[in-house]
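The values are calculated or read from the model by the stated rules, or taken from the named source; none is laboratory data. Keep in mind it's a predicted model, so treat the numbers as computed, not measured. Virtual Cβ from ideal backbone geometry, glycine too; neighbours counted across all protein chains shown.
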Amino acid sequence: MEFEHRSNFPQDLEYPPVDFRSNLNDEQFAAVTAGDQPALVLAGAGTGKTRTLTYRVAYLLERGVHPGNILLLTFTNKAAREMLARVEDLTGVPRRAFWGGTFHSIGQRMLRMHGEPLGIEPNYTIMDQSDAESLLADVIKELDPQFLKDKNNPKTKVIANLISLARNTCQSLDDVVMGFYPYFREHINDFARFSQTYSERKKRQQVADFDDLLVFWLEILQTQEEVARYYQERFQHILVDEYQDTNLIQAQIIDLIGARDQIMAVGDDAQSIYSWRGANYENILHFPDKHRNTNIFRIETNYRSTPEILRFANGVIRQFHPGQGFFKTLRPSRGHSQPPLLIRVMNGREEAAAVISRITGLLDEGRSLKDITVLYRAHYQALDMQMELTRQNIPFQITSGVQFFEQAHIKDLVAQVKFAYNPRDSRAFHRFACLLPKIGSVTAERIFQAALAEADKSGEHVARTLISRPALAKVPKAARKHWESLTATLEGIVEAAGDRSPSEVVSLAAVGWYSDFIQTLYPNYRQRMDDLQSLVGFAGRFSDLQELLGQIVLMNSETSQTSVYPEEDKLRLTTVHQAKGLEFPVVFLLAASDGLFPLARAMENDGLDEERRLFYVAVTRAMDELYMTSPHLIQFGMNTKILQPSRFIQALDPTLYEMARFHRKPSW
DNA sequence: CTTGATACCGTTTTT
DNA sequence: CGGTATCAAG
């Protein structure tokens, strides 16, 4: 049995010799050269985890393993790209030769190749979170028009969350409701109905949400024995990065594909920060139980941070209950420097002033902006910072807010391509159809249904039957002119989708109806046209349209920002979650006050330990200098709250950090 | 049915 | 201060 091969890679290759011994420390070397037993690599923050994985791949290649027989699973696209780029540097083997990516992106590929027995056509499209939520909202309104109007009932978002959590933790809806939302127990039957109809709608429209990519991947492996066997044999080595952040589905996928125990799992239980997405750090704790003869490798020498920062981080780790998890200490390897500094400030504005004041000092000392990163627990905590940076003309790059692929004009354009690719994706159709005058969701649906009926009759693509008599009859007069131009563009896209490259297809969409349309709609249409052009450029990296569409949906800001626009010398602002796996010479951690970090909301459901892990992740990003700012007052709606420094800091031995107060009055 | 205006709600983290 | 749910007019 043979499935798609990603490239024709020559079988017998000579790799440039890699000196493993002198490029790795003993701990790393042991893991890199591990035998074929299942392996669990416990690598603390900054200990060279990526380096170890990279060299492991190189080692396998040198031992004669074909790149196509290695599966590399990571948590973010960025991590996958970075690792394979480093492998390429090291060995010269191009990254396309490997199967590597996030669980979701590999799942997307699996579904396309093997989804048909589950009712998923190869041309299915992926919905992002907001698409998925609005589809669910439609379903709820349809099944029970009154449900969402009652303010005591849970909102769509909550229900979506609940359904998603149940799927990701392999629990029944009932169990999740009773476990996490017992006060909604009376709605259990409603939830079940909503969930079931939601699934049916997805199938009918040939769309998948994020969870489907994992759930169906697992189902494929469980139900199609020959497919499972193929991958079990094909992947002689499975490397899993950030194993502590896998959920039960992902763990099962790995167990199934890795049925021959050809698994190397890498992670750090102290850095598990995705439990709200179903991640279960017990996966990493139980790995040795599930896989007999697991070799455990510990990598504890830290190359990233100064001893002062590490002592601080170790102090945070020591706050965990003894015996909980694997790790105890990170051993420093660098020379001494200044201890972390806690700066107490009055409020958010003073916080911004304090940080900028210090940044100015750092620039005078010869640092450049790109060495400095500002971290925070939640996006909104960076608001004052953004305003003040803008005011003072300090260039910064923020990986949040409206992200490149989430801008309205990008989504509008992508929707056109999506619809051309999967004409049953009615949400994609609605997205652009509703832009036309006098067309709202009701009219759009009528046009769509009419066109769909025509298409079923004639066997033509829905894009062509949009101008059939029955469909045209539903188009309001005011929209007729736009309609002609729109449908002409769509037809062009459909045609091109057959045999042209993705970038040609996207380009067609970008110069068609939509380019005329945005001129009349947006004052800054030049900027938007530029964005559309960079989207065309981005599409140029893909040879397959579905791969492109999938990646666009699966990509977060981090990757899009850095991939669409070149890197510049700018200050970085990012959440701690997004900073995971990265390191920066200078780190500022905002809002290090109790109630902000740990975030009060997050502690409602036993979240304190995870907040502490997140705090640990935050402080271990810093290489040379770590600053934390703790506002004393916070505006909470109408009233003001008084806050103390984070309990994670207060619990520490005071000799582990220094404290300062910011005096200078803000300049405004 | 669409569109525009007004009231009000709420503000974690992401594939 | 923001965005969105809801309502009334065209």
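Among the candidates A:510, A:497, the residue that is within 23 Å of residue A:121 (Cβ to Cβ) and either within 16 Å of DNA strand B (Cβ to nearest atom) or assigned to a helix (DSSP H, G or I) (or both) is uniquely A:497.
Go through the residues of the stretch A:194-207 one by one and say whether even a single one is over 30 Å from residue A:113 (Cβ atoms), buried (at least 21 other Cβ atoms within 10 Å of the Cβ) and away from DNA strand C (no atom under 16 Å from the Cβ). Yes, the stretch A:194-207 contains a residue that is over 30 Å from residue A:113 (Cβ atoms), buried (at least 21 other Cβ atoms within 10 Å of the Cβ) and away from DNA strand C (no atom under 16 Å from the Cβ).
Please pick out the residue among A:415, A:444, A:382 that is more than 16 Å from DNA strand B (Cβ to nearest atom), of a type outside the set (D, E, K, R) and part of a helix (DSSP H, G or I).
Details: A:444 fails: more than 16 Å from DNA strand B (Cβ to nearest atom); A:382 fails: more than 16 Å from DNA strand B (Cβ to nearest atom).
Only one candidate passes the filter, namely A:415.
Here is a yes/no grid of residues against (1) touching a residue at least 24 places away in the same chain (Cβ under 8 Å); (2) outside any helix (DSSP H, G or I); (3) under 22 Å from residue A:588 (Cα atoms):
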site	(1), (2), (3)
A:297	yes, yes, no
A:316	yes, no, yes
A:337	yes, yes, yes
A:344	yes, yes, yes
A:350	yes, no, yes
A:362	yes, no, yes
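Considering only the stretch A:414-437, state which residues are farther than 18 Å from residue A:516 by Cα and either within 16 Å of DNA strand C (Cβ to nearest atom) or of a type in the set (A, V, I, L, M, F, W, C) (or both). Don't jump to the end; show me each part of the working.
So the first thing to find is which residues in the stretch A:414-437 are farther than 18 Å from residue A:516 by Cα, and the list is A:418-430.
Result: A:419, A:420, A:427, A:428, A:429, A:430.
Which residue, of A:450, A:408, A:444, is among the aliphatic types (A, V, I, L, M) and away from DNA strand C (no atom under 16 Å from the Cβ)?
Details: A:408 fails: away from DNA strand C (no atom under 16 Å from the Cβ); A:444 fails: away from DNA strand C (no atom under 16 Å from the Cβ).
Being among the aliphatic types (A, V, I, L, M) and away from DNA strand C (no atom under 16 Å from the Cβ) holds for just one of A:450, A:408, A:444, which is A:450.
Evaluating residue A:373 against the criteria (1) free of Cβ contacts under 8 Å to residues at least 24 places away in the same chain; (2) β-branched (Val, Ile, Thr); (3) not in a helix (DSSP H, G or I) leaves one unmet condition, (1). Of all residues in the stretch A:351-402, those that are crowded, with 20+ Cβ neighbours inside 10 Å, at pLDDT 90 or above and of a type in the set (Asp, Glu) total 1.
Could you identify the single residue in A:428, A:382, A:415 that is touching a residue at least 24 places away in the same chain (Cβ under 8 Å) and touching a Lys or Arg at 6+ places or on another chain (Cβ under 7 Å)? Break it down into steps so the answer makes sense when it comes.
Working: A:382 fails: touching a Lys or Arg at 6+ places or on another chain (Cβ under 7 Å); A:415 fails: touching a residue at least 24 places away in the same chain (Cβ under 8 Å).
Of A:428, A:382, A:415, the one residue that is touching a residue at least 24 places away in the same chain (Cβ under 8 Å) and touching a Lys or Arg at 6+ places or on another chain (Cβ under 7 Å) is A:428.
Could you check, for the stretch A:213-235, whether at least one of its residues is surrounded by fewer than 18 Cβ atoms within 10 Å (Cβ to Cβ), touching a strand residue (DSSP E or B) at 6+ places or on another chain (Cβ under 8 Å) and part of a loop (DSSP other than H, G, I, E, B)? Scanning the stretch A:213-235, I find no residue that is surrounded by fewer than 18 Cβ atoms within 10 Å (Cβ to Cβ), touching a strand residue (DSSP E or B) at 6+ places or on another chain (Cβ under 8 Å) and part of a loop (DSSP other than H, G, I, E, B), so the answer is no.
Taking the condition surrounded by 22 or more Cβ atoms within 10 Å (Cβ to Cβ), at pLDDT 85 or above and either more than 16 Å from residue A:616 (Cα to Cα) or within 16 Å of DNA strand C (Cβ to nearest atom) (or both), does residue A:287 pass?
Numbers: surrounded by 22 or more Cβ atoms within 10 Å (Cβ to Cβ): yes; at pLDDT 85 or above: yes; either more than 16 Å from residue A:616 (Cα to Cα) or within 16 Å of DNA strand C (Cβ to nearest atom) (or both): yes.
The answer is yes for residue A:287.
Can you tell me which residue in the stretch A:157-179 is farthest from the chain's Cα centre (by Cα), limited to those that are away from DNA strand B (no atom under 16 Å from the Cβ) and within 22 Å of residue A:283 (Cα to Cα)? Checking each candidate, the answer is A:175. For the stretch A:116-167, a tally of residues being in contact (Cβ under 8 Å) with a residue 12 or more places away in the chain, within 14 Å of DNA strand C (Cβ to nearest atom) and either among the aromatic types (Phe, Trp, Tyr) or in a loop (DSSP other than H, G, I, E, B) (or both) returns 5. The set of residues from the stretch A:95-115 being closer than 19 Å to residue A:277 by Cα, touching a residue at least 40 places away in the same chain (Cβ under 8 Å) and assigned to a strand (DSSP E or B) comprises just one member, A:102.
Here are some residues: A:145, A:182, A:154. Which one is on the phi < 0 side of the Ramachandran plot and more than 14 Å from DNA strand B (Cβ to nearest atom)? Walk me through how you get there before you give the answer.
Values: A:145 fails: more than 14 Å from DNA strand B (Cβ to nearest atom); A:154 fails: more than 14 Å from DNA strand B (Cβ to nearest atom).
Result: A:182 is the single residue among A:145, A:182, A:154 that is on the phi < 0 side of the Ramachandran plot and more than 14 Å from DNA strand B (Cβ to nearest atom).
Taking residue A:444, is it touching a residue at least 40 places away in the same chain (Cβ under 8 Å) and hydrophobic (A, V, I, L, M, F, W, C)? Considered against the rule, which asks whether it is touching a residue at least 40 places away in the same chain (Cβ under 8 Å) and hydrophobic (A, V, I, L, M, F, W, C), residue A:444 comes out as no.
A single member of A:341, A:330, A:383 is farther than 20 Å from residue A:28 by Cα and touching a strand residue (DSSP E or B) at 6+ places or on another chain (Cβ under 9 Å), and it is A:341. Pairs linking a residue in the stretch A:482-499 that is farther than 14 Å from residue A:511 by Cα to a residue that is of a type in the set (Lys, Arg) and assigned to a helix (DSSP H, G or I), with Cβ atoms under 9 Å and 6 or more positions apart or on different chains, are A:494/A:464.
Among the residues of the stretch A:76-94, those identified as free of Cβ contacts under 8 Å to residues at least 24 places away in the same chain and either over 24 Å from residue A:63 (Cβ atoms) or among the charged types (D, E, K, R) (or both) are A:88, A:89.
For the stretch A:132-142, the tally of residues that are buried (at least 21 other Cβ atoms within 10 Å of the Cβ) and within 12 Å of DNA strand B (Cβ to nearest atom) stands at 1.
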